[in-house]
1. Checking residue B:290 against (1) in contact (Cβ under 8 Å) with a residue 24 or more places away in the chain; (2) within 14 Å of chain A (Cβ to nearest Cβ); (3) of a type in the set (A, V, I, L, M, F, W, C); (4) surrounded by 20 or more Cβ atoms within 10 Å (Cβ to Cβ), which single condition isn't satisfied?
2. When only residues in the range A:7-65 that are of a type in the set (A, V, I, L, M) and within 13 Å of chain B (Cβ to nearest Cβ) count, which is farthest from residue A:79 (Cα to Cα)?
3. Give the number of residues within the range B:235-249 that are within 21 Å of residue B:126 (Cα to Cα) and free of Cβ contacts under 8 Å to residues at least 24 places away in the same chain.
4. Looking at (1) without any contact (Cβ under 8 Å) to a residue 40 or more places away in the chain; (2) aliphatic (A, V, I, L, M); (3) away from chain A (no Cβ under 14 Å), find the lone condition where residue B:311 falls short.
5. Might you check whether a residue that is in contact with a Gly (Cβ under 7 Å, 6 or more places away or on another chain) and buried (at least 17 other Cβ atoms within 10 Å of the Cβ) occurs anywhere in the range B:31-45?
6. Restricting attention to the range A:81-95, which residues are surrounded by 24 or more Cβ atoms within 10 Å (Cβ to Cβ) and either among the charged types (D, E, K, R) or facing another protein chain (nearest Cβ under 7 Å) (or both)?
7. Run down A:164, A:178, A:224 and say which single residue is over 29 Å from residue A:136 (Cβ atoms) and surrounded by fewer than 14 Cβ atoms within 10 Å (Cβ to Cβ).
8. One residue is enough: does the range B:305-319 have a residue meeting the conditions assigned by TED's automatic domain parsing to the domain that holds residue B:9, closer than 25 Å to residue B:34 by Cβ and among the aromatic types (Phe, Trp, Tyr)?
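The values are calculated or read from the model by the stated rules, or taken from the named source; none is laboratory data. Since this is a predicted model, take the numbers as computed values, not measurements. Please note: Cβ atoms are built from the backbone with ideal geometry, for glycine as well, and neighbour counts cover all protein chains shown.
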Amino acid sequence: MEYKLVLDNISKVFGDGDTSVKVLDHVSLHVKAGEFVALVGPSGSGKSTFLSIAGALLSPSSGRIILGGEEINDLSPKQMNRIRMEKIGFIFQSSNLIPYLTVRDQLLLIPELAGTLNEKAEKRADDLLKRLGLAHRKNNYPESLSGGERQRVAIARAWMNDPEIILADEPTASLDSERGRAVVQMLADEVKLRDKAAIMVTHDRRMLDLCDRVVFIEDGKLLEQTKRMSL
Amino acid sequence: MNGDERIMFLALREFQYAKLRYLLIGLIMVLIAWLVFFVSGLAKGLSSDNASSIQTMKADYFVLQKDSDHRFNRSLLSEDQLQDVRQFVGNNASTPLGVQMTTVTKKGSSKKIDATFFAIDMNGMLAPELAEGNLINNSTKNEIIVDQSFKNEGLSIGSRIKDQLSGKEFKIVGFTKNQSFSHTPVIHMNFKEWASIQPSNAQNKLSFNALALKADQGKADNIEKNVKEVDVLAKGKALEGIPGYKEEQGSLMMMIVFLFIIAAFVLAVFFYVITIQKMNQFGVLKAIGAKSSQLARTILFQVLMLSIVSLVISMALTYGISAVLPNSMPFDLSPLLAFGCSGLFLAVSVAGSLLSLYRVVKIDAIEAIGRAV
């Protein structure tokens, strides 16, 4: 069985001595290729920290992380930067697009930063935009897009570097449930199509049926739960 | 794809998107740079309008009476002191100079013109270059050569002027170029005429205000040590002793320095505010793998681009304006001075952006996670 992401016995402690706070407590999670995992929990449960560690934004205090076969728990900030650029796709709350780039440039920014902008990358961007129904919007700035369109651009951007895993931080927070559902559906379809993995942090339980697996987090501990909801 | 294009990707697209914002800051930069160029040119122009006679002299040092505060018109030297000095430098390397500020009138008119008499040895190194007419020599009588700004007063070769102090009349035989002292045109005469306009001197001995030297530092120090009652100062120091020169250049210099400081602060504040506004955006960019150096280069590129374009525009404006200025306006902006100012302006701009660069480097990519804005 190929795992895209393995989190093995991860702990994260902030501060030290008497004032230390244990945000993640021996957390383990395995995500297979083609699997779409939802991470649910109340605020302060460690969701953001979990996502930051899985996304190579933060180093764990202890434990191992293996992303696409590469161990990334003990890297320098520079190496973590490279990992994020090459292997991880992020989708943030309320999309976080760059206001002064057109939709197409939002996508081309990724290979631009990596120094790999070429015709192939441009074709990839155009294909992604077409697949996500944004081809007619490619010369628009984010300000003229609807919330749903912006999140679709964010999804397209996250796929631009052909990542091993997509990490989504409450991607539907700023959308109504109908549009939110469409966006998550699109994300799920892409994960299946490309045989990659995705973890989505959400508090919106209506989206959970679109995920293969739901993981609950509370007080820094994971409670796994197999899929039982069905419509 | 080369590195330069990569830097420009974000920078240029942002310029394009926020045109008005960058146009406005560019406009401010243009105005400041324009003022810098203009005041610099004015300072240079005024400096030569004030003191071109000394600036163009082929002398390295001046000997003045001790405690004359570096001022020619307060100094008085005697023939004996000239002989003392000449023991250290050759006769050809030292020559006396008489300086007297005065007021003259054109014959037949009551309009007064301020001027400065320079009494010189016409065979010595201070003899001015002639632009027009004839030279005088050490034995000509009643003849003078004057700066060509006298032409603006309606005087020409052959015209006569009257010195108000002595009541003596002189005939203009030639015009010189760039000969002014304390913003007045210089009138060159020989020592024979000089003696005739001086208050009568009991011993009938020649006296003058300064000695011009062609000498090196060592000789100058030697003279100061060994000749009684004299100061030896370099040409630059002597310039500062011209009435009003130091004050004028000092206040203009202060304006220029302040303009540079203002330029630095305007850019610093502008980019700092914009950077603070974009903190979240930079966090996102870092999260998706942008390096701090890439973001810092983007800002630096924007600052340099803004500054360079502003400088080019303001330089064009400055030279355009100087072309239509009247000739009597003392404005002199040499390309060297313009490029010097531009270089300093760029350096100051980059210094102003350092604060923003620091903030950008310090931004943590993790800020992009768990934030709704």
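1. Evaluating residue B:290 over (1) in contact (Cβ under 8 Å) with a residue 24 or more places away in the chain; (2) within 14 Å of chain A (Cβ to nearest Cβ); (3) of a type in the set (A, V, I, L, M, F, W, C); (4) surrounded by 20 or more Cβ atoms within 10 Å (Cβ to Cβ) leaves (1) as the failure.
2. So the first thing to find is which residues in the range A:7-65 are of a type in the set (A, V, I, L, M), and the list is A:7, A:10, A:13, A:21, A:23-24, A:27, A:29, A:31, A:33, A:37-40, A:51, A:53-54, A:56-58, A:65.
Those still in the list that are within 13 Å of chain B (Cβ to nearest Cβ) too: A:23, A:39, A:51, A:53-54, A:56-58.
Numbers: A:23: 24, A:39: 26, A:51: 18, A:53: 14, A:54: 14, A:56: 9, A:57: 11, A:58: 12 Å.
For the range A:7-65, the residue satisfying everything is A:39.
3. Residues in the range B:235-249 being within 21 Å of residue B:126 (Cα to Cα) and free of Cβ contacts under 8 Å to residues at least 24 places away in the same chain: 1 in total.
4. Answer for residue B:311: the failing condition is (1).
5. Taking the range B:31-45 and keeping what is in contact with a Gly (Cβ under 7 Å, 6 or more places away or on another chain), we get none.
The answer is no, given that none of the residues of the range B:31-45 is in contact with a Gly (Cβ under 7 Å, 6 or more places away or on another chain) and buried (at least 17 other Cβ atoms within 10 Å of the Cβ).
6. A:84, A:90, A:92
7. Details: A:164 fails: surrounded by fewer than 14 Cβ atoms within 10 Å (Cβ to Cβ); A:178 fails: over 29 Å from residue A:136 (Cβ atoms).
From the options A:164, A:178, A:224, the qualifying one is A:224.
8. Quick first cut of the range B:305-319, residues assigned by TED's automatic domain parsing to the domain that holds residue B:9 only: B:305-319.
Still in the running and closer than 25 Å to residue B:34 by Cβ: B:305-319.
From what's left, among the aromatic types (Phe, Trp, Tyr): B:319.
Within the range B:305-319 (the criterion being assigned by TED's automatic domain parsing to the domain that holds residue B:9, closer than 25 Å to residue B:34 by Cβ and among the aromatic types (Phe, Trp, Tyr)), the answer is yes, since at least one residue qualifies.
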